[in-house]
Amino acid sequence: MPDGGRDERRRNLGHRNPAAALMLRRQRRRGETPAVVTAVRAVGAAKGPDDARYARAMTENLPPRSRIVHDALRAAGVAGEIITLPDAASTAALAAAALGVEVGAIANSLVFWSDGAPLLVMTSGAHRVDTAALAARLGRASIVRATPEQVREATGQAIGGVAPTGHPTPLPTVVDEALAGFDEIWAAGGTPHTVFPLTFDELVRLTGGTVTAVD
């Protein structure tokens, strides 16, 4: 019987190309912008046929859940390319270290349960959500962390890889106002190994989110 989890892990850059994974780790240690990040920014800015072919190749190598996110991004007019990291970046600190950016520029997708329904909170990696204060601010009875089962049912994705889009149905969303302080932010792409860049304005438009303080 095929092992879907193993197949997905093999798509990871570290499994496909150990040399590339080693290079990325060395660049991070030297404080350099990882080459894979530089490359994906170039693809997003370029318009030629060679760049289009490269972008398609990147998409074809994505895990199935990340391809769903990719299609949702394109439908919303967000051009950032999803990239696969050599190591899982299931926390804001890990993602920031992998990408060579401030932890505050990581847009964490946190799923909560509020008034009998899921609530997605896109928070800066530099913040912890104050659920009591946020509930009062939004006029809700309570906000509590969703269970892993509730996260999977609401998003189709696992904790540590939840994207701001690509869900079975759009979720009510809150966007941390602190993310507006960064020209470029990074969000998960549907798995703990995939991330993509976008702007604050794109995130708000993509999610239809309510912008407010969350801490």
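General observations
- Each Lys or Arg adds one and each Asp or Glu takes one away; over the other residues whose Cβ falls under 9 Å from the Cβ of Leu134, this sums to 0.
- Antiparallel %, DSSP beta bridges [both residues in region 122-215], to 5: 50
- 3J(HN,Hα) from dihedral phi, region 147-159, Karplus parametrisation 6.51/-1.76/1.60, rounded to Hz, x for glycine, proline: 6, x, 5, 5, 4, 4, 5, 6, 10, x, 10, 9, 4
- Given R0 = 22 Å, the distance between the Cβ atoms of Glu177 and Ala117 translates into a calculated FRET efficiency of 0.45.
- Sparsely packed trypsin sites (Lys or Arg not before Pro) within region 114-215, loop by DSSP, other Cβ within 10 Å at most 13: Arg128
- Between Val175 and Met122, Thr210, Val211, Thr212, the built amide H atoms are under 5 Å apart, and every one of these is 5 or more places off in sequence or on another chain.
- Under the simplified labelling scheme, the Thr212-Gln150 pair shows an inter-label distance of 1.7 nm, with each label point 7 Å from Cα along Cα→Cβ.
- On full extension, the segment bounded by Thr199 and Arg128 gains 23.5 nm, given 0.36 nm per residue less the C-alpha separation.
Each reported figure results from applying straightforward, stated rules to the coordinates on display, with no laboratory input. Quick caveat, the model's predicted, so the values are computed rather than measured. Neighbour counts run over all protein chains shown; Cβ positions are idealised from the backbone, glycine included.
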